[in-house]
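The values are calculated or read from the model by the stated rules, or taken from the named source; none is laboratory data. A quick note: this is a predicted structure, and the numbers were derived from the prediction, not measured. Every residue, glycine among them, receives a Cβ derived from its backbone with ideal geometry; neighbour counts consider all protein chains shown.
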Amino acid sequence: MSETPRQITLQEWDRQVEFWQAAGVPQPAYGGPLGRHAADGDTRLLQLRYDNSRAALRLWNFLLTEEDRLRAAREAGRKLVGTMKDLGTVPVLAYSLDNLVAFYPDGAWWIPCVMEVNSGLLQIADSLGVDESFCPVRAMLGAFVTGAHFPIPDLLTCSVGATCDDFSAIAQRLSGLGHPILWWEIPHRRIPDPGEEATELPGGFSAPASLVRFVRSELERLRRALEELSGQTLDDDTLRRGIVQANHVRALLARLRDLAFTATPCPMPALEMLIAEMLAIHFCSDQDETIVVLQELLGEVTLRVAAGTGYSPADAARIFWVNPVADLQVMNLLEDCGGRICGTEYLFAHALDPIPETVPPLEALAQMALADPMVGSTTDRATRIVAEIRRFGAEAVIVSRIPGASHCALEGEIIGELVRAECGLPVLEIEVPPLTDALRPTLSTRLQALVETVKNRRNR
Ligand code: SF4
């Protein structure tokens, strides 16, 4: 276990890394000072505070070296698959083959934050007619135009059907710019009619069996395209092994989330937990290393829980957080204001659920794709959030709106109504743009007010 848990600055981290390097302490190949990423333009890193464990340092360096990994994979002759929108399904297929690497160009969502809007990507999106009325995923267009943030993939896939208007319009614009896309459909998940054959999905939703069969046939098309790209056969046994491997990642994350969201004091800050959860979607372009990174993080958290060490006062307000924040610094801010995370729904809850291993593998992935909280009704999503609130014992909910995101116009109201009715908890809706510096006093006041409300309710 590291020394006493505390949050440190990037400069403190770099001094520590320098000390370790001088002492010959082994580092992973992608390790080193975080300051080098800031020097490359990721200047938001200078404003964040980080957990001081070696496991957290490894997590950050792993995240921030993804572009290098993608370029190295291409140089080594592996094919790159840009998987768009489905968040967690196509990468499981791709990583089942050893010469494919899948990643989400959607990840450009965070570039305006990490580079403090200095990347020029939003201006390029503007010039292509995709302005700030769209969510930050529009940065992806600029990344394709410049080619400066990820290599242009050998194959691009995108799920359509029950997809937000933002992504649908942006992906069509990308296609219009000359990037061929393999479209595949995930239909809207509806409640089965009375007497209609139904399938229970991972995560607790159900769907008509006919929808599962349809998505399975769509995944069959993807399977053939991936086979063609890789020159390898993606048979059921190979895919089954891929699912087992993906489930290994999900199981590690499940244990990590359980400990981080329930132990007192909180053993791992909100920011590192957000990054860790994101690894589930496409394994940050290296599935084996994702497992090592999560094992280290889980080891650190387990030791801290056993030793009773961690963060935040014992009376920190237990917050359930809905939607990822466009500005990562807000996760630090929550803790500054007296809160801690006890449950999350960052738009990809289905990528955290175990994939069924007892049904044919394409059927299992079809079930998972249909379990996406964003392909059903917001009421469905709210129902799942309520169940998770109860599981983790949260005392309040924050719905973090994403600027321009089509689903954010009304979802906060629907989620808030159900949470108040079912759990009687306070719900706060805030909007988090890619840079919140100008809003910090307002956001702090609102977060502090929520924390005070939670504490006052304890004394009723
Ligand atoms: S609108 Fe929401 S779901 Fe759609 S791309 Fe943006 S953040 Fe993702």
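A few notes on this one:
- Within region 359-369, one or more residues are within 16 Å of the ligand (Cβ to nearest atom) and modelled with pLDDT of 95 or more.
- Taking every residue in region 389-410 that is free of Cβ contacts under 8 Å to residues at least 60 places away in the same chain and of a type in the set (A, V, I, L, M) and pairing it with any residue that is assigned to a loop (DSSP other than H, G, I, E, B) and within 16 Å of the ligand (Cβ to nearest atom), at least 6 positions away or on another chain, yields no pair with a Cβ-Cβ distance below 9 Å.
- Some residue of region 75-85 being closer than 22 Å to Q232 by Cα, of a type in the set (S, T, N, Q) and in contact (Cβ under 8 Å) with a residue 60 or more places away in the chain: yes
- Those helices (runs of 4 or more DSSP H) of region 264-353 in which at least 2 residues are within 16 Å of the ligand (Cβ to nearest atom) and modelled with pLDDT of 95 or more, considering only elements entirely within it, cover 270-282.
- Residue within region 276-292 that is acidic (D, E) and under 25 Å from W321 (Cβ atoms) present: yes
- Residue in region 170-193 that is more than 15 Å from the ligand (Cβ to nearest atom) and part of a helix (DSSP H, G or I) present: yes
- Of the criteria (1) without any contact (Cβ under 8 Å) to a residue 40 or more places away in the chain; (2) away from the ligand (no atom under 16 Å from the Cβ), which one T378 fails: (2)
- Residues of region 68-84 classified as surrounded by fewer than 24 Cβ atoms within 10 Å (Cβ to Cβ) and over 22 Å from L297 (Cβ atoms), total: 11
- When region 354-382 is limited to residues that are of a type in the set (D, E, K, R) and assigned to a loop (DSSP other than H, G, I, E, B), the one that is nearest to the chain's Cα centre (by Cα) turns out to be D372.
- Across region 145-168, the number of residues qualifying as within 15 Å of the ligand (Cβ to nearest atom) and not polar (S, T, N, Q) comes to 8.
- All of (1) touching a residue at least 12 places away in the same chain (Cβ under 8 Å); (2) more than 30 Å from P187 (Cβ to Cβ) hold for G88 with one exception: (2).
- Considering (1) over 30 Å from E335 (Cα atoms); (2) free of Cβ contacts under 8 Å to residues at least 60 places away in the same chain; (3) of a type outside the set (S, T, N, Q), the lone condition that C158 does not fulfil carries the number (2).
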